[in-house]
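The values are calculated or read from the model by the stated rules, or taken from the named source; none is laboratory data. These numbers were taken from a predicted model, which means no experiment stands behind them. Cβ atoms come from the backbone with ideal geometry, glycine included; neighbour counts cover every protein chain shown.
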Amino acid sequence: MLRVFTPSEALNSILVRQPLDSMPVPPALLESLERLFGAPVTPEQAVTRILADVRQRGDDALRDWTSRLDGHSPDRFAIPWEELEAALEHLPSEQRIALETAAARIRSFHQAQPVTSWLTQASGGISGQLVRPIRRVGLYVPAGSAPLPSTVLMSAIPAQVAGVPEIVLVTPPQRSSGKVASIILATAALLGIHEVFALGGAQAVGAMAFGTPSVPRVDKIFGPGNLFVTLAKRQVYSVVGIDGLAGPTETLVIADEAARPEWVAADLLAQAEHDVLAAAILMTPSRELITRVQQAVARQIEQLSRAEIIAASLENRSGAVLTRDLDEAIQLSNDYAPEHLCLSVSDPWRWLEKVKAAGGIFMGEHSFEVLGDYVAGPSHVMPTGGSARFASPLNVMDFVHLVSLIGLDPATTRRIAPGAVVLALAEGLDAHANAARLRVED
């Protein structure tokens, strides 16, 4: 059942943000870690040991940890191109058409993003910024409870648009077969990604960060994952770049009395089925809508295969908030900064300017969040955990870096160098001052 909260109750419960370090760790997970390591360890400590081992022993460590954690020890991690091509060739036609449709829309969206170098002569000589693609990136594609070919599309296509020359993709094999899901292999082939590795968990992050004889070292790592993947990304940051730290996914629906209860319920349930910590929140000033959405949730959940996960999600971090009006709902949303904000109201464009923080805004009931997951165009990799206050969805700029260019003419150098001398002396840096003074005297 979808619980109902007042705004003050919600602010002290489902709208509270939990830092990564304070996320509750299930006792069963701690027990399994103790069995694995022979002593009590936290997830953070477990990741530290795995990463250190991968850094020291390379492929041997990858095989050991893959065997201990995933229950199989592969002869090789790299998947041959022929296997990728075969997966694409045998992909059911309706799946291939859906992937191609999504890929075309995602590529078209990101090609429209303005990412250009620029130069100016306004300040004497030439100065500006050069846009350079990152040379090699690593993409982590989760495949724990279900393979996610959409994440391949949403991560790899912006990288290709940015001009990244080398893309490394890692994804864990499925436990049932010990093999990577064929639809992920087919998606990689569809996009022309040749470097694909059957590897998951913290050890996969370590392999991309440090490099091994089998897995090339990358410059930046992208992609969501479980707690261990997220902790590993945080620990390797500075050795390599990372896109961010993904937390549990979240959707906030703001609705008025005109919203369709069945559709609102379906959107909340779609979010809740991701995982038991997913957040599916409704905010509305209509008590009648809440009641009708609760009834629709109860009807729809009985027909869904992941009902147990959904029920846990609705109990943990989800609910309906009865607000005074839509203005209060928008204010609460801005403070919460949701990953996905759905404006299921009769005139969503009226409220757009009031939204200050969200990963993605879905305008009206026909622009529902599931379309954003697959085929709308923008990347579905969006900031979570309140980071939408300062972070952006994955985009082309994440796959490039800027290089400042300074090419001043002699006259400009003579004119501005005395200021550098003064500031250098004020900072007590004589060698700096001398380097500038020599140019002026010459």
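Details
- Taken over the range 393-442, residues that are acidic (Asp, Glu), loosely packed, with under 13 Cβ neighbours inside 10 Å and part of a helix (DSSP H, G or I) amount to 2.
- Within the set 145, 176, 155, the sole residue that is within 28 Å of residue 90 (Cα to Cα) and at pLDDT 95 or above turns out to be 155.
- Beta carbons closer than 6 Å, at least 6 apart along the sequence or on distinct chains, pair a first residue in the range 379-398 that is closer than 17 Å to residue 332 by Cα with a second that is surrounded by 19 or more Cβ atoms within 10 Å (Cβ to Cβ) and among the aliphatic types (A, V, I, L, M) for 384/246; 386/337; 388/337; 388/358; 389/337.
- Any hit, the range 273-281, residues being assigned by TED's automatic domain parsing to the domain that holds residue 382 and part of a helix (DSSP H, G or I): no
- Within the range 245-281, considering residues that are surrounded by fewer than 23 Cβ atoms within 10 Å (Cβ to Cβ) and acidic (Asp, Glu), the one farthest from residue 142 (Cα to Cα): 257
- Restricting attention to the range 4-43, the residues that are within 30 Å of residue 288 (Cα to Cα) and exposed (fewer than 15 other Cβ atoms within 10 Å of the Cβ) add up to 6.
- Any hit, the range 353-361, residues being over 18 Å from residue 5 (Cβ atoms) and touching a Lys or Arg at 6+ places or on another chain (Cβ under 7 Å): yes
- Close contacts from the range 58-83, counting a first residue that is modelled with pLDDT of 90 or more and a second that is acidic (Asp, Glu) and loosely packed, with under 14 Cβ neighbours inside 10 Å, with Cβ to Cβ under 6 Å and a gap of 6+ residues or different chains, come to none at all.
- Looking only at the range 218-268, residues that are of a type in the set (S, T, N, Q) and without any contact (Cβ under 8 Å) to a residue 24 or more places away in the chain come to 1 in all.
- Taking the criterion of being in a loop (DSSP other than H, G, I, E, B) and in contact with a Ser or Thr (Cβ under 9 Å, 6 or more places away or on another chain), the residues of the range 219-240 that qualify are 223, 224.
- Checklist (1) part of a strand (DSSP E or B); (2) under 13 Å from residue 156 (Cβ atoms) applied to residue 189, failing item: (1)
- Within the range 208-218, the presence of at least one residue that is buried (at least 21 other Cβ atoms within 10 Å of the Cβ) and part of a helix (DSSP H, G or I) is confirmed.
- Residue pairs whose Cβ atoms lie under 8 Å apart, sitting 6 or more positions apart in sequence or on different chains, and linking a residue in the range 296-307 that is assigned by TED's automatic domain parsing to the domain that holds residue 267 and in contact (Cβ under 8 Å) with a residue 40 or more places away in the chain to a partner that is surrounded by 16 or more Cβ atoms within 10 Å (Cβ to Cβ) and of a type in the set (Gly, Ala, Ser), are 297/265.
- Positions within the range 121-144 being small (Gly, Ala, Ser), in contact (Cβ under 8 Å) with a residue 60 or more places away in the chain and part of a loop (DSSP other than H, G, I, E, B), in sequence order: 123, 124, 125, 144
- Some residue of the range 162-183 being assigned to a helix (DSSP H, G or I), surrounded by 24 or more Cβ atoms within 10 Å (Cβ to Cβ) and in contact (Cβ under 8 Å) with a residue 24 or more places away in the chain: no
- Qualifying residue in the range 366-373 (condition: surrounded by 15 or more Cβ atoms within 10 Å (Cβ to Cβ), within 30 Å of residue 337 (Cα to Cα) and of a type in the set (Phe, Trp, Tyr)): yes
- Residue 205 meets each of the listed conditions (1) touching a Lys or Arg at 6+ places or on another chain (Cβ under 7 Å); (2) surrounded by fewer than 22 Cβ atoms within 10 Å (Cβ to Cβ); (3) of a type in the set (A, V, I, L, M, F, W, C) apart from (2).
- Pairing each residue of the range 426-440 that is closer than 10 Å to residue 414 by Cα with any residue that is among the aliphatic types (A, V, I, L, M) and surrounded by 14 or more Cβ atoms within 10 Å (Cβ to Cβ), provided the two are 6+ apart or on different chains, yields C-beta distances under 6 Å for 436/417; 436/420; 436/421; 437/421; 439/417; 440/417.
- Residues of the range 405-442 classified as touching a strand residue (DSSP E or B) at 6+ places or on another chain (Cβ under 6 Å) and of a type outside the set (A, V, I, L, M), total: 1
- Flag if residue 49 is exposed (fewer than 12 other Cβ atoms within 10 Å of the Cβ) and farther than 23 Å from residue 321 by Cβ: no
- Highlighted here are the helices (runs of 4 or more DSSP H) found entirely within the range 1-120 that include at least 1 residues which are within 27 Å of residue 218 (Cβ to Cβ), out of contact with any Phe, Trp or Tyr (no Cβ under 7 Å at 6 or more places or on another chain) and β-branched (Val, Ile, Thr): 43-57, 59-70, 93-111.
- Any hit, the range 184-196, residues being of a type outside the set (A, V, I, L, M) and buried (at least 21 other Cβ atoms within 10 Å of the Cβ): yes
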